[in-house]
Amino acid sequence: MADISHALTALSDHYTELGHLLREKTRNPGGERVHTSRPEPLSPSDLEVDRFMVTMHDVLLSWEERVRAAAGLQPSTTDISWERRPAVISRACGLLSRFVLGLISLEEEPMRRALTLQDPGNLPEDVLGVVRPDYVDPYPELAGADAGREVLWLHRRAQTMTDQTIRTLTLDGVPCPHCELMMLTRRSGDNGVWCAACRTMTPMEEYTAWASELTASARH
């Protein structure tokens, strides 16, 4: 039970960190676009983060709804804008943490869980649901033990994603010496910086000299 409470406390911060990551990666500095013969780099990891954040939202709010009903509390609002989702996640995690004993004591009840078309093999054969073009809407019978497993899984997955992103530092304010767009990053342990736009690696010595030159120019 202590592990579940700890996971719920951390999940709110993880959700906020993942949101900051997506906003940082999807910004378009100066409204400029790069036109080169090379294809623009794809970001499947960004799509994975976005999907996982949707999963976090759906799972946590579904358990919050059940706990509210079991505790005789007023139901929470379901009309939620993207801007308010971090606050809503924080509210859900706070309530679930306060009622963690009630959470893990819940009886079985059908609950919606959206899955990709590759996931249904992990479900029992008798689960009711709807198959859609890109995903499946199953309604498995879930109880308090399942809530604990889902919360711990969300925490482990979120921790892995945020640990990976923390190791990449965005170098704000310094344009790339090759394409001049401000999309430089540095991964922990790399002896250089990487441009997400032109996909050029600049050795650390060259980057330091370039940054010093820009600073000197700005002073004159």
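The values are calculated or read from the model by the stated rules, or taken from the named source; none is laboratory data. Quick caveat: nothing in here was measured; it's all calculated off a predicted structure. Please note: Cβ atoms are built from the backbone with ideal geometry, for glycine as well, and neighbour counts cover all protein chains shown.
With the condition being at pLDDT 80 or above and in contact with a Leu (Cβ under 7 Å, 6 or more places away or on another chain), I'd like the strands (runs of 3 or more DSSP E) fully within the range 165-220 carrying at least 2 qualifying residues. Reasoning before the result, please.
Numbers: elements: 168-170, 184-187, 192-195, 201-203.
Qualifying strands (runs of 3 or more DSSP E): 184-187, 192-195.
In this structure, is S76 surrounded by 14 or more Cβ atoms within 10 Å (Cβ to Cβ), among the polar types (S, T, N, Q) and modelled with pLDDT of 90 or more?
Working: surrounded by 14 or more Cβ atoms within 10 Å (Cβ to Cβ): yes; among the polar types (S, T, N, Q): yes; modelled with pLDDT of 90 or more: no.
Answer is no for this residue.
Among the listed residues R38, R85, R68, identify the single one that is part of a helix (DSSP H, G or I), of a type outside the set (V, I, T) and modelled with pLDDT under 90. Outline the logic, then answer.
Details: R38 fails: part of a helix (DSSP H, G or I); R68 fails: modelled with pLDDT under 90.
Answer to the selection: R85.
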